[in-house]
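Please read the structure below before turning to the comments.
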Amino acid sequence: TSEIDNVVVGRTGVFIIEVKNMKGSILGDCASRQWSQIKIDQYDIEHQKEFYSPIKQVGTHIYRLANYLRDNRIFTHINGAVYFANRQTRVHLNGKENDIPVFTYKSTNALINYITSGEEALNNKQIEKIISLLT
């Protein structure tokens, strides 16, 4: 099983959006399994914690959802993205993002464009069947 934050289904396809509401600086490499969060508390003390790469997390979600849809005779590409929703987050990534882009509060419009501007991939019947399977 997977705990998927958001699944967007529409004419341009299926999108898994992993949303993170973290403050501070996010440091990582797109290919790494672990990323770091560095933040300063109210007493000016720096705290650092490691967390599992949301790119890897989305990759797992895509794999599992694709298998589930395929088992139900729906054959479509699934897109993924990571969105850091907190306006106080600064993301610093090394490496190439591959097929799973990372967006921040400041690039919300780019995320919306990513979801809405692609070519039509699904018809109404496919959209309804996917939504039915997910609800």
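In table form, for the structure just shown:
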| item | result |
| --- | --- |
| Spin-label pair D29/E46, simplified geometry with 7 Å Cα→Cβ offset, distance in nm | 2.1 nm |
| 22 Å Cα-Cα reach of K39 towards lysines, excluding residues that sit fewer than 8 places from it in its own chain | K20, K23, K49, K106 |
| For the stretch 61-135, projected area of the alpha-carbon convex hull averaged over all directions, nm² | 6.3 nm² |
| Cα gyration tensor shape of the stretch 1-70, rounded if a/c is under 1.5, else prolate or oblate by comparing a/b with b/c | prolate |
| Positive dipole terminus of the chain, leading residue within Q48, A31, I16 (C-beta point charges) | I16 |
| Helical mean residue ellipticity (222 nm; -39500 (n - 2.57) per DSSP H run of 4+; nearest 500) of the chain | -9000 deg cm²/dmol |
| Taking N as its residue count, the alpha carbon Rg of the chain over 2.2 N^0.38 Å | 1.16 |
| Residue-normalised accessible area of the stretch 92-135, given per residue in Å² at a 1.4 Å probe | 74 Å² |
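The values are calculated or read from the model by the stated rules, or taken from the named source; none is laboratory data. Quick caveat, the model's predicted, so the values are computed rather than measured. For neighbour counting, all protein chains shown are included, and Cβ atoms are generated from backbone atoms with ideal geometry for every residue, glycine included. Surface areas here come from the heavy atoms of the whole protein model, side chains and all, with no ligands, DNA or RNA. Shrake-Rupley method; radii C 1.70, N 1.55, O 1.52, S 1.80 Å.
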